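Nothing in this text is a laboratory measurement; each read-out follows from the coordinates by a stated rule. In this text the structure is predicted, and so the values were computed from the model without any measurement. Methodologically, a virtual Cβ is constructed for each residue, glycine included, from the backbone with ideal geometry; neighbour enumeration extends over all protein chains shown.
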């Protein structure tokens, strides 16, 4: 069953629904491209400053999202993503970093982690994979941005390690989510990317030996020199390798490239487009 469920009409918000049934203190999900105030080619719910959109429209969209979730723009906290694996721990005094401009954001940061209620962690996507983490025992939440570079750098495992180090989390207690991103139906990559994948895949356990490679990648029908890569499955296996239980991982079926009417897609739109937002936060009592 699809875990990312749309609630309401405008703006388009996909909520990580399975978590809500048990953990009412959490909000987590992913935006679509509809329901904002942005203009072409960022129409209309772009929440990222770095793509060239009008800053006023970006701020307006961020305010719409924050308030629709019961937060404020002053709670919105984010990093400047560089396709790395650095993870910032967000303290109370960091609340709101990056909400109004890029310079105040956590620099060179693709992962965010906090146990502070009322902080809204956010990150931005147009085909890359959003990763969600929640330890209900320690009341800790995290977000990670995983393109192919972040995936092969194992940012998912780095997040688990950071949760253990800073908050004493146990991997088997952590719930994880893999959100809307480009699927293996659309993500064609060359040998340069696949060389990195091959170096990593040996340490990742498949569901069964017979589907070890088929689930991760296959030869492209359009170009036999290239491969169709499944980044969602790569990240799922990295999570399992890091100790997260397979039954604790929710994985979406949404492909951002297949659904251009619903999502921004860097590949489909040749790089000139907006960004969706992943979010996670612990609600204040």
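Short to long, the 10 Å bins of the Cα pair-distance histogram for the range 167-285 hold 12, 35, 35, 15, 2, 0 percent of all pairs. Computed from the Cα positions only, the extents of the range 11-64 along the three principal axes stand at 39, 16, 15 Å, in decreasing order. When every Cα-Cα distance of the range 131-182 is counted in 10 angstrom steps from zero, the calculated P(r) takes the values 26, 55, 19, 1 percent. Largest first, the three principal axis extents of the alpha carbons in the range 59-162 are 34, 32, 22 Å in whole numbers.
Structural descriptor for the chain: relative contact order 24 percent, calculated from alpha carbon pairs under 8 angstrom and at least 6 residues apart.
Taking packing as the residue-averaged number of other Cβ atoms within 10 angstrom, the listed peptides 33-46, 81-94 run from highest to lowest as 33-46, 81-94. Both the radius of gyration and Dmax for the chain are 17.7, 55 Å, in that order, over alpha-carbon atoms.
Mean residue ellipticity at 222 nm, helices only, the chain: -6000 deg cm²/dmol; runs of at least 4 DSSP H residues each add -39,500 (n - 2.57), and the sum is divided by the number of residues. Regarding the range 105-239, what's the average projected area of the Cα-atom convex hull, expressed in nm²? Its Cα hull, projected and averaged over all orientations, spans 9.1 nm². Rg over Rh for the range 1-94 works out to 0.98, both radii taken from alpha-carbon positions and Rh defined as the Kirkwood radius.
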